Amino acid sequence: MADGSQAVAISLKGKVSEEEWNTRVALAALYRLVALHGWDDLIYTHISARLPGPDHQFLINPYGLYFDEITASSLVKIDLGGNILQETDYFINPAGFTIHSAIHENREDAHFVMHVHSDHGVAVSAQKEGLLPISQHALIILPQVAYHEYEGIALNHEEKERLVADLGDKHAFILRNHGTLTVGRTAADCWLYMYYLEKACTQQILALSAGREGMLIAPDAAQETVENQVRMGMGGGLAWPGALRRLDRESPGYDA
């Protein structure tokens, strides 16, 4: 649907497998949460979810909808060739396909992939030092952070190999001069990685507003302690139900 004039999708509940429907609902929730936190960028970023099965099919946003309009039924199912696998009036963001297909094809544990262009995330991505260990939030996420140099809008499929190599086995990605990205085995994990990454970026920009001189870097021993502590888990499974309850209050309809 090129003109974006219609934001209503025919419900797919009961028309797809239970596993696909549950994945659709979780992914739609991530879109609504990004909008609720103000991390969306009109229609220009993307979140995806791999569907169960051996074919690496995945869901991604219908290009043209704002994130607070996305529902489980409006999400578009595609394969690694970018082919749309369902009847839909929508098409997909080509740059989104490049980034997400690369990760879904090469990271078996990356069931959910979230990419945003928040102001603070982009600001940190443009700083030479990257994310600094100056807050507890930063210390929690830093062991998971990788970096990828900016190559332009992600339309060149040759960039896929470099994206995957730079991400490695990490779960948080700072795309230089571009934004942030996280991956997770579950929607809850992907969300919590992004929450901590974005929170750390915001805190860094606020701290740097007073100047780099005098800013405290967390002691090395404390950094090591936090890294060991978070190996036991970050509590995503505990935070996720509350996030869904908030959506039910403030952005209902995502599960339609």
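Can you give me the number of residues within the range 186-195 that are in a helix (DSSP H, G or I), in contact with a Phe, Trp or Tyr (Cβ under 8 Å, 6 or more places away or on another chain) and surrounded by fewer than 23 Cβ atoms within 10 Å (Cβ to Cβ)? Of the residues in the range 186-195, 1 are in a helix (DSSP H, G or I), in contact with a Phe, Trp or Tyr (Cβ under 8 Å, 6 or more places away or on another chain) and surrounded by fewer than 23 Cβ atoms within 10 Å (Cβ to Cβ).
For (1) modelled with pLDDT under 95; (2) touching a Cys at 6+ places or on another chain (Cβ under 6 Å), each residue gets a yes or a no:
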site: Asp68; (1), (2): no, no
site: Thr98; (1), (2): yes, no
site: Phe112; (1), (2): no, yes
site: His120; (1), (2): no, yes
site: Ser125; (1), (2): no, no
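Condition first: part of a loop (DSSP other than H, G, I, E, B), within 18 Å of the chain's Cα centre (by Cα) and among the hydrophobic types (A, V, I, L, M, F, W, C). Now tell me which residues in the range 230-256 satisfy that.
Of all residues in the range 230-256, those part of a loop (DSSP other than H, G, I, E, B) come to 231-235, 251-256.
Pick out the ones that are also within 18 Å of the chain's Cα centre (by Cα) and you get 234-235, 254.
Once the filter is applied, which keeps residues that are part of a loop (DSSP other than H, G, I, E, B), within 18 Å of the chain's Cα centre (by Cα) and among the hydrophobic types (A, V, I, L, M, F, W, C), the range 230-256 yields only Met234.
In the range 145-158, the condition of being small (Gly, Ala, Ser) and in contact (Cβ under 8 Å) with a residue 24 or more places away in the chain is met by at least one residue.
Looking at the range 9-41, which of its residues are at positive phi and at pLDDT below 95? Listed by number, the list holds a single entry, Gly14.
Among the candidates Tyr90, Tyr31, which residue alone is surrounded by 18 or more Cβ atoms within 10 Å (Cβ to Cβ), out of contact with any His (no Cβ under 8 Å at 6 or more places or on another chain) and under 27 Å from Gln204 (Cβ atoms)? Walk me through it before giving the result.
Numbers: Tyr90 fails: under 27 Å from Gln204 (Cβ atoms).
Sole residue among the options that is surrounded by 18 or more Cβ atoms within 10 Å (Cβ to Cβ), out of contact with any His (no Cβ under 8 Å at 6 or more places or on another chain) and under 27 Å from Gln204 (Cβ atoms): Tyr31.
For the range 24-78, a residue qualifies if it is among the hydroxyl-bearing types (Ser, Thr, Tyr), in contact (Cβ under 8 Å) with a residue 60 or more places away in the chain and assigned to a loop (DSSP other than H, G, I, E, B), and the qualifying residues are Tyr44, Thr45, Thr71, Ser73, Ser74.
Residue by residue through the range 130-185, note down the ones that are part of a helix (DSSP H, G or I) and farther than 30 Å from Ala222 by Cβ. Selection gives Glu159, Lys160, Glu161, Arg162, Leu163, Val164, Ala165.
Determine which member of the set Gly130, Gly168 is in contact (Cβ under 8 Å) with a residue 24 or more places away in the chain and either surrounded by 16 or more Cβ atoms within 10 Å (Cβ to Cβ) or at positive phi (or both). Step through it out loud before you land on a result.
Values: Gly168 fails: in contact (Cβ under 8 Å) with a residue 24 or more places away in the chain.
Unique residue meeting the criteria: Gly130.
Among the residues of the range 119-152, those that are touching a Phe, Trp or Tyr at 6+ places or on another chain (Cβ under 7 Å) and among the hydrophobic types (A, V, I, L, M, F, W, C) comprise Ile140, Ile141, Ala146.
Considering each residue of the range 229-246 in turn, none proves to be surrounded by 12 or more Cβ atoms within 10 Å (Cβ to Cβ), over 18 Å from Trp191 (Cα atoms) and in contact with a Ser or Thr (Cβ under 9 Å, 6 or more places away or on another chain). Here Asn106 clears all of (1) buried (at least 18 other Cβ atoms within 10 Å of the Cβ); (2) at pLDDT 90 or above; (3) out of contact with any His (no Cβ under 8 Å at 6 or more places or on another chain); (4) not aliphatic (A, V, I, L, M) except the condition numbered (1).
Taking (1) in contact with a strand residue (DSSP E or B) (Cβ under 9 Å, 6 or more places away or on another chain); (2) within 25 Å of Glu250 (Cα to Cα) in turn, Ser101 satisfies each apart from (2). Filtering the range 79-109 to residues that are in a loop (DSSP other than H, G, I, E, B), aliphatic (A, V, I, L, M) and out of contact with any helix residue (DSSP H, G or I) (no Cβ under 7 Å at 6 or more places or on another chain) leaves Leu85, Ile92.
Please state which one of Glu213, Glu198, Glu227 is modelled with pLDDT under 95, in a helix (DSSP H, G or I) and among the charged types (D, E, K, R).
Numbers: Glu213 fails: in a helix (DSSP H, G or I); Glu198 fails: modelled with pLDDT under 95.
Every option except Glu227 fails the conditions.
The values are calculated or read from the model by the stated rules, or taken from the named source; none is laboratory data. Fair warning: this is a prediction, and the values are worked out from it, not measured in the lab. Quick reminder, even Gly has a Cβ in these numbers, built from the backbone with ideal geometry, and neighbours come from all protein chains shown.
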